[in-house]
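Please read through the structure below; I'll follow up with questions.
The values are calculated or read from the model by the stated rules, or taken from the named source; none is laboratory data. Model, not experiment: these values are computed from the prediction. Cβ placement follows ideal geometry from the backbone for every residue including glycine, while neighbour counts extend to all protein chains displayed.
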Amino acid sequence: MAKSIDVSDVNIYYGDFLAVEGVNMTIRAKSVTAFIGPSGCGKSTVLRSLNRMHEVIPGARVEGKIVVDGQDLYAPEVDPVAVRRQVGMVFQRPNPFPTMSIYENVISGLRLNSKRMNKSTADGVVEKSLRGANLWNEVKDRLNKPGAGLSGGQQQRLCIARAIAVQPDVLLMDEPCSALDPISTSAIEDLIHELKSDYTIVIVTHNMQQAARVSDETGFFNLKATGEPGRLVEFNPTKKMFSNPDESATEAYISGRFG
Amino acid sequence: MTATLDEKSTDSSLSGKRPGDAIFRGTTLAASLLVIVFLAGVAIFLAVKGAPALDAGPENLRDKANVFALVGALLFGTVLAAAIAMIIVAPLSIGLGLVISHYAPRRLAKPVGFLVDLLAAVPSVVFGLWGIFVLAPRMQPVHEFLVDWFGWIPLFAGPASGTARTLLTASIVLALMALPIVTAIMREVFSQTPRAHQEAALALGATRWEMIRMTVLPYGRSGMVAALLLGLGRALGETMAVAMVLSTTGVITSWNIVSSQNSNTVAAFIAQGYKEASPIRVAVLIFAGLALFALTFLVNFLGRAIATRGTVKG
Ligand SMILES: Nc1ncnc2c1ncn2[C@@H]1O[C@H](COP(=O)(O)OP(=O)(O)OP(=O)(O)O)[C@@H](O)[C@H]1O
Ligand SMILES: [Mg+2]
């Protein structure tokens, strides 16, 4: 189910603006990969290119090759909608659908995939996904209440439940904890640990400790200089990154001597 | 909503002493008071001048027993015509609004939006002429068709009018006239859908249409209702087009919108009748005007109320 991702020579543009240049990396299946780096260096941009969410923005485009388990995501015959069903995404700000109940939120992605689903199958998926997102016990008595009525941390876990309900191969998370308190953050970090056994996970974070805690491998992005495109400076196992990085820039950033 | 209100009040309390602010506040206050006074003045004028109609006899009321029966029949026709217009406008404006806000590439969306806005600049006399000379002849076969196949629906009971200058044709003209404003509001409502929700749907693997069904339409529901109500308000009061297109003269209450015996609307009734100016008949017309004023006011009020409730909730 989980799949590896090969990124080679990727340049990403917003219109004429080259935001990220020359990215090469291999994201292993069933592992957690963290992207770190200063603001504006293109972490979100690269992450969004992994499920073709990038091209939702008018004028945005990707050059190079991104291959998920042998399939080139940007091959002309590939439908971006199909890609996004395989590669799920959790955003920085929790964004449950405001007009839907908790139950409907979880099931919403599945409704797209298979229109017909009997009630007991749907119930099963909802419970499994909410348990998977560590939210079941908190919401099982109010599944029909609006999702927007939950706390921020609960909403974010609801979004994770929604994303895993469709059983994607890969889960992308863009700063999933940045709007959350430490307790919700720790709940989500635990969750990422558990999800790792089934999914390939890529997470963007500004929190060094978080990257060190949850990830197996880390990519450090940086800008050569202001106005220049962002690039991947170093990509290594997290242990090595945080103890003995190859690049001095990585060490400077991780130890906080550098913005 | 509350946030902006708070901001406003703190702003003015902080800077209320500056002369520029005081002048600005004074003029805006005066202007808004003027509007209210003016509206109240219109209402009072209509009430005073229309009051004699209460004592009018059947000879001045198109053979109705009292003025309420007459105005009631006219209001029925008004609401019927406007409602049918809205039934036509709803899918058109929602479709156009979505095309402009979500489907068309930006290069195309602009001119399409502009074209629709241009429709609003066409004078209603022109719409009326177009209704009589262009639309009605083409609608005649449609009338026959509706009566033949859907005659069992009271609206299409027939017999089909030979000229097609019916309430149905008038409603279509009304629909075209209300289309620009309704489409403009729809477009605005749709483009307010938060990006985060739209991206959430797309990231789940929704197609564009599925994304619209999951986020844009439910999020904009109250805005869409408000847009239609505001359009309804416009259609209710529209005079020239209906007065020109509709060939009816009598005042009847009828669901039938395809025969030559149609209900009439208040505005058209007034436009057709104001020349026969005996004082009591003028009073009857003014009374009808008062009823229309109240109805339009109510519908617009409702539209605004729903619109604000929607934005607060969103
Ligand atoms: N929608 C957009 N249109 C044009 N340029 C954009 C857009 N989004 C991002 N950019 C630009 O692309 C570059 C990379 O942005 P990106 O959002 O990927 O950075 P980031 O590393 O995620 O930063 P942060 O840590 O602040 O989230 C920036 O220079 C940014 O200004
Ligand atoms: Mg970002």
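Residues that are free of Cβ contacts under 8 Å to residues at least 24 places away in the same chain and not small (Gly, Ala, Ser): list the strands (runs of 3 or more DSSP E) wholly contained in region A:191-259 that include at least 2 such residues.
Numbers: elements: A:200-204, A:217-223, A:230-237.
Here the list reads A:230-237.
Given the conditions (1) more than 14 Å from every other protein chain (Cβ to nearest Cβ); (2) at pLDDT 85 or above, and given that A:Asp169 satisfies all but one, which numbered condition is not satisfied?
Among (1) more than 14 Å from every other protein chain (Cβ to nearest Cβ); (2) at pLDDT 85 or above, the lone unmet condition for A:Asp169 is (1).
Rundown of residues vs (1) within 16 Å of ligand 2 (Cβ to nearest atom); (2) touching a residue at least 60 places away in the same chain (Cβ under 8 Å); (3) over 22 Å from B:Gly220 (Cα atoms); (4) out of contact with any Asp or Glu (no Cβ under 7 Å at 6 or more places or on another chain), yes/no style:
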| position | (1), (2), (3), (4) |
| --- | --- |
| A:Glu77 | no, no, yes, yes |
| A:Gln86 | no, yes, yes, no |
| A:Gly109 | no, no, no, yes |
| A:Arg116 | no, no, yes, yes |
| A:Lys128 | no, no, yes, yes |
| A:Gly132 | no, yes, yes, yes |
| A:Lys140 | no, no, yes, yes |
| A:Gly152 | no, no, yes, yes |
| A:Arg157 | no, no, yes, yes |
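For a quick check of your reading: which helices (runs of 4 or more DSSP H) sit entirely within region A:64-141 and have at least 3 residues that are within 14 Å of chain B (Cβ to nearest Cβ), surrounded by 15 or more Cβ atoms within 10 Å (Cβ to Cβ) and under 18 Å from the mean Cα position of the chain (by Cα)?
Hits in region A:64-141: A:80-86.
State all residues of region A:144-177 that are surrounded by fewer than 18 Cβ atoms within 10 Å (Cβ to Cβ) and either in a loop (DSSP other than H, G, I, E, B) or within 16 Å of ligand 1 (Cβ to nearest atom) (or both); if no residue qualifies, say none.
Within region A:144-177, A:Asn144, A:Lys145, A:Ser151 qualify.
Can you report the number of residues in region B:51-102 which are within 24 Å of B:Leu168 (Cα to Cα) and aromatic (Phe, Trp, Tyr)?
1
A follow-up question, please. Report yes if some residue within region A:178-195 is away from ligand 2 (no atom under 16 Å from the Cβ), within 14 Å of chain B (Cβ to nearest Cβ) and crowded, with 21+ Cβ neighbours inside 10 Å; otherwise report no.
Among the residues of region A:178-195, not one is away from ligand 2 (no atom under 16 Å from the Cβ), within 14 Å of chain B (Cβ to nearest Cβ) and crowded, with 21+ Cβ neighbours inside 10 Å, which makes the answer no.
OK, next. What about A:Leu223, is it within 16 Å of ligand 1 (Cβ to nearest atom) and either within 14 Å of chain B (Cβ to nearest Cβ) or of a type outside the set (Lys, Arg) (or both)?
It is true that A:Leu223 is within 16 Å of ligand 1 (Cβ to nearest atom) and either within 14 Å of chain B (Cβ to nearest Cβ) or of a type outside the set (Lys, Arg) (or both).
Only one of these conditions is not met by A:Ser8: (1) under 30 Å from A:Glu251 (Cα atoms); (2) away from ligand 2 (no atom under 16 Å from the Cβ); (3) within 14 Å of chain B (Cβ to nearest Cβ). Which number is it?
Going through (1) under 30 Å from A:Glu251 (Cα atoms); (2) away from ligand 2 (no atom under 16 Å from the Cβ); (3) within 14 Å of chain B (Cβ to nearest Cβ) one by one, A:Ser8 breaks only (3).
Sort through A:Glu77, A:Glu104, A:Glu21 and tell me the only one that's out of contact with any Ser or Thr (no Cβ under 6 Å at 6 or more places or on another chain), modelled with pLDDT of 90 or more and under 26 Å from A:Gly147 (Cβ atoms).
The match here is A:Glu104.
Among the residues of region B:191-233 satisfying the criterion of being in contact with a Leu (Cβ under 6 Å, 6 or more places away or on another chain) and of a type in the set (A, V, I, L, M, F, W, C), which is farthest from B:Val79 (Cα to Cα)?
Among them, the one singled out is B:Ala206.
Let me ask something additional. Any residue in region B:44-56 that's in a helix (DSSP H, G or I): show its pairings with residues that are not hydrophobic (A, V, I, L, M, F, W, C) at Cβ separation under 8 Å, as long as the two are six or more apart or on different chains.
B:Leu46/B:Gly289; B:Gly50/B:Gly289; B:Pro52/B:Pro279; B:Leu54/B:Asn66
Do we find a residue being away from ligand 1 (no atom under 16 Å from the Cβ), closer than 23 Å to A:Lys43 by Cα and at pLDDT 90 or above anywhere in region A:117-128?
Keep residues of region A:117-128 that are away from ligand 1 (no atom under 16 Å from the Cβ), which gives A:117-128.
Next cut, closer than 23 Å to A:Lys43 by Cα only: none.
Within region A:117-128, none of the residues are away from ligand 1 (no atom under 16 Å from the Cβ), closer than 23 Å to A:Lys43 by Cα and at pLDDT 90 or above.
For A:Val56, which of the numbered conditions (1) without any contact (Cβ under 8 Å) to a residue 60 or more places away in the chain; (2) away from ligand 1 (no atom under 16 Å from the Cβ) fails to hold?
Every listed condition holds for A:Val56 apart from (2).
A quick yes/no check of all residues on (1) under 16 Å from B:Ala175 (Cβ atoms); (2) at pLDDT below 85:
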| residue | (1), (2) |
| --- | --- |
| B:Ala206 | no, no |
| B:Trp209 | no, no |
| B:Pro218 | no, no |
| B:Leu228 | yes, no |
| B:Arg234 | yes, yes |
| B:Ala243 | no, yes |
| B:Ser260 | no, yes |
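Separate question: Tell me which helices (runs of 4 or more DSSP H) are completely within region B:179-240 and hold 2 or more residues being crowded, with 22+ Cβ neighbours inside 10 Å and within 8 Å of chain A (Cβ to nearest Cβ), or say none if there are none.
It comes to B:195-203.
Further, regarding this structure: Give me a count of the residues in region A:28-53 that are more than 12 Å from ligand 2 (Cβ to nearest atom) and outside any loop (DSSP other than H, G, I, E, B).
Going through region A:28-53 one residue at a time, the tally reaches 4.
The rows are residues; the columns are (1) surrounded by 13 or more Cβ atoms within 10 Å (Cβ to Cβ); (2) at pLDDT below 90.
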position	(1), (2)
B:Leu98	yes, no
B:Pro123	no, yes
B:Arg138	no, no
B:Val142	yes, no
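Could you give every pair whose Cβ atoms fall below 8 Å, whose first residue belongs to region A:25-46 and is within 14 Å of another protein chain (Cβ to nearest Cβ), and whose second residue is within 9 Å of ligand 2 (Cβ to nearest atom) and modelled with pLDDT of 95 or more, counting only separations of at least 6 or pairs across chains?
A:Ser44/A:Val204
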